[in-house]
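First the structure, in the form of structure tokens, and then the observations on it.
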Amino acid sequence: MNPIKPTVSLAALVVALCLPAADADTLLRWDFLNDTQPNGAAPTSVPDLTAPNISPAVLSRGTRATPDNVYVGGGKGAFSTNSGDQDADLASALANGSYFRVTVAPQSGSTLSLSGMDIATFTQNENASFTFEVVFSTDGFATHTSVGVINPVSDNFTGTLTTLNLAGFPALQNTASSIEFRAAYYGTDVGYQSRGLGQISGTNDDLAFYGSVVSSLPLTVTTNTLPNGTNGLSYTQSLSATGGTSPVTWTVNSGALPAGLSLTPEGIIEGFPTTNGTSNFTVLATDSALPTAATDTQALSITIVAPPPPTITTTSVANTTTGANYSQTLSNIDGTGPFTWSLTSGSLPDGLSLTAEGVIEGVPSTTGTSTFTVTVTDSATPVAGTDSQVLTITVSETLVAWDFFNDVAINGDAVTAVPDTLNSNLQSPVLSRGGDGFSAANVTFNGGRGAFSTNSNSVGDLAAALAQGAYASVTLAPQAGFKFSLTSVDLALFTQDADNLTFDVVFSTDGFASYTSAGVINPINAGWTGMNRSVNLNAFPELQNVTAPAGVEIRIAFYGGGAYNQRGFGQIVGANNDIAFNGSIAPTGPASNYAAWAASNGVTGGKYGDSDSDGIVNLVEYALQTNLTGSDGSLGIFNGTTLSFAKRGVAAFNGDVTYAIESSPTLGAAPSPWMTVAPTVNSSSTISYMFPPGPPVGFSRLKVTSP
């Protein structure tokens, strides 16, 4: 059993040494800069620091210390007044409530000795007759004692820090009672000048009490059990003790903590355990009593268990389009790192791969839906944990896209806009505004543009938006002999104000006698440069295998609050597709071949003949988007860095020709034959090649062959 330690000798030592504030513990501290309500607005304030074994304290005003909201040059009057009432002396200040007060008290079972205090005071105007005085009482101010006068106070809004010595007052030493301090202000000819407790910029102690607290209770470790830990995961637990003299220092007295954990002197067991099993040990708590420190011990144990096997938390990944950079990171919980990811069944879309770190990345080159299984394996021994997840990626192609940055008439002035990208097997669509509800707003903003924008009155709901023309419209229709299916639509939307505003993607196949909503985008955060959102269209049968020449009309409507706030389609800098419809296109009939195509188009002369005598053989005419009855001019497009050719949809769909871009520095003459270049982008609609930087390759050509 620990002996009860006397406290008189320590108190006597403190008094004898007359410890200055800097040599004693900080028992209570207020930093007005950290107050939630600075500048006099807070009627009370709790301390920023309270030492162990000290009771909670609150700094509060007297009745006449009304707030003044002072803020001057880096300092604040957190407790201030501009009252015009005047008090000639200390007695009248205390009687009238012209003071700030705080009660300092030890917790039950402890004794308190105060050595000093810091106080930051300020006044708006220096006056020789103006005084701050700090007084204390142990009997509720039936009587009181002055510990220091601060007079005069310099003209300094940021405060004057004064240190008062409390070590010479027997009532403040080795006491178990509560002590109320009051900082009173009094004087004459001060009028409405502000004064109070200030904040000194850069200091932590605008009001602070220093000294020591001694507990008369024995030091006792109260932590008797500890929770289990998990191998490889962070572990943190704090030990606790009651009684004794703060601060308490903790050590391991016998045994050992689990590998990877350590005990800090402050009593925190922390770290990352590395070995499974149970560890038994004893902790030793040592207090700061003089001349002999008290101690107590406690036997404890911690069991470290193996983590559960990994669980994949990624249950779906994003779809994409051909030619677009793709990156999706897979994730898991639990298990023992590091983790390794692998593809265990199925296959990813062409052009994509899975890294060992769990990233699906690359540039997809072909359309279609790929279903595959990924597996994560952890590093647990002797048996590694695993988990698997089936995922699907649908790769479509961009059928129609608008890039507002390229529009000739910008900033809302363009009534219609032709697409920047258009699949050759679609009829040419035009993006246009509705009626008066979508008039030009001439929006310009940092780096982005509202190519289709409005600041007209908003409407209440979708029906009103459609009726009043608060929408943009586009009709997608196939070329004869083809059908299209839509997977998604990408929209770059913007609004000046997000207040109750909604965008809705709706479509109709009967001229909007009826319509269907494909997706609501709400809310849109206020953002001038636009937010790119994607709406999934896979679930709508009316948008799959569309063959009707009239096609599908799609409207992007806006409605809700925020009258006269500008909103519409934005332009995202660096993005090619500010509005894009993604999907696939195929011939409507069964897959034919070159012979069927030639017969249906009156082509003669066989694959290597020239039916229209334009210098292009029939097989190439079949493979590319060329004129079957006359000259075609250039077959490909070269923009200085990239060579590209448009495929004929039926040929690409049938797959009875192959496409390759070749190069040669000598037009194929020895010793440099034609060689296939890589990488090429070979989609269902185009084949293209970007030349690398450096010396020119010489000559390039498209090679079309028939299997």
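What to note about this one:
- Within the stretch 258-285, restricting attention to residues that are touching a strand residue (DSSP E or B) at 6+ places or on another chain (Cβ under 6 Å) and touching a residue at least 40 places away in the same chain (Cβ under 8 Å), the residue that is farthest from Thr223 (Cα to Cα) is Asn276.
- Sole residue being of a type in the set (Ser, Thr, Tyr) and without any contact (Cβ under 8 Å) to a residue 40 or more places away in the chain, chosen from Ser327, Ser316: Ser327
- Members of the stretch 349-371 that are within 17 Å of Ala318 (Cα to Cα), of a type in the set (A, V, I, L, M, F, W, C) and modelled with pLDDT of 95 or more: Leu352, Leu354, Val359, Ile360
- Every residue from the stretch 294-304 that is within 23 Å of Pro273 (Cα to Cα) and open to solvent by 60 Å² or more (accessible area, probe 1.4 Å): Ala299
- Here the stretch 478-496 is the region considered, the condition is being touching a Pro at 6+ places or on another chain (Cβ under 7 Å) and buried (at least 19 other Cβ atoms within 10 Å of the Cβ), and the residue that is farthest from Phe558 (Cα to Cα) is Phe482.
- For the stretch 531-542, taking the residues that are over 16 Å from Ala492 (Cβ atoms) and out of contact with any Gly (no Cβ under 8 Å at 6 or more places or on another chain), the one that is surrounded by the fewest Cβ atoms within 10 Å (Cβ to Cβ) is identified as Pro541.
- Subset of the stretch 384-407 that is at pLDDT below 85 and touching a strand residue (DSSP E or B) at 6+ places or on another chain (Cβ under 9 Å) - its residue that is most open to solvent (accessible area, probe 1.4 Å): Phe405
- In the stretch 503-530, the residues that are open to solvent by 50 Å² or more (accessible area, probe 1.4 Å) and modelled with pLDDT under 90: Asn522, Pro523, Asn525, Ala526, Trp528, Thr529
- Boolean, Thr381 is open to solvent by less than 20 Å² (accessible area, probe 1.4 Å) and over 30 Å from Ser473 (Cβ atoms): no
- In the stretch 350-365, the residues that are touching a residue at least 60 places away in the same chain (Cβ under 8 Å) and part of a loop (DSSP other than H, G, I, E, B) form Cβ pairs under 7 Å with partners that are aromatic (Phe, Trp, Tyr) and surrounded by 17 or more Cβ atoms within 10 Å (Cβ to Cβ), at six or more places apart or across chains, as follows: Val363/Tyr326.
- For the condition modelled with pLDDT of 95 or more and hydrophobic (A, V, I, L, M, F, W, C), Val149 does not qualify.
- Residues of the stretch 312-343 that are more than 25 Å from Ile687 (Cα to Cα), surrounded by 14 or more Cβ atoms within 10 Å (Cβ to Cβ) and at pLDDT 90 or above: Ile312, Thr314, Val317, Gln328, Leu330, Asn332, Phe339, Thr340, Trp341, Ser342, Leu343.
- Boolean, Thr81 is under 28 Å from Gly187 (Cβ atoms) and either surrounded by 15 or more Cβ atoms within 10 Å (Cβ to Cβ) or at pLDDT 90 or above (or both): yes
- Restricted to the stretch 287-315, and to residues there that are touching a Leu at 6+ places or on another chain (Cβ under 7 Å) and in a loop (DSSP other than H, G, I, E, B), the residue that is nearest to Gly385 (Cα to Cα) is Pro307.
- So Val573, is it at pLDDT 85 or above and either open to solvent by 30 Å² or more (accessible area, probe 1.4 Å) or among the β-branched types (Val, Ile, Thr) (or both): no
- Test: residue in the stretch 662-677 that is at pLDDT below 85 and under 43 Å from the mean Cα position of the chain (by Cα): no
- Search result, residues across the stretch 203-240 that are under 30 Å from Pro382 (Cα atoms), part of a loop (DSSP other than H, G, I, E, B), open to solvent by less than 50 Å² (accessible area, probe 1.4 Å) and at pLDDT below 95: Asn231, Gly232
- So Tyr559, is it at pLDDT 95 or above, open to solvent by 30 Å² or more (accessible area, probe 1.4 Å), closer than 25 Å to Gly435 by Cβ and in contact with a helix residue (DSSP H, G or I) (Cβ under 8 Å, 6 or more places away or on another chain): no
- Applying a threshold of 8 Å to beta carbon distances and a minimum spacing of six or more residues, or different chains, the list of pairs starting in the stretch 609-632 at a residue that is closer than 18 Å to Leu702 by Cα and among the β-branched types (Val, Ile, Thr) and ending at one that is at pLDDT 85 or above and not in a loop (DSSP other than H, G, I, E, B) reads Val620/Val704; Thr626/Val620.
- Residues being in contact with a strand residue (DSSP E or B) (Cβ under 7 Å, 6 or more places away or on another chain) and of a type in the set (Val, Ile, Thr) - total across the stretch 334-354: 2
- Any chance Pro43 is within 35 Å of the chain's Cα centre (by Cα) and modelled with pLDDT of 70 or more: no
The values are calculated or read from the model by the stated rules, or taken from the named source; none is laboratory data. Keep in mind that what you see is a predicted model, and the values were worked out from it rather than measured. Counting neighbours? That spans all protein chains shown, and the Cβs are built from the backbone with ideal geometry, glycine included. The protein model used for the area step is the full one, side chains on, heavy atoms only, and it has no ligands, DNA or RNA in it. Shrake-Rupley method; radii C 1.70, N 1.55, O 1.52, S 1.80 Å.
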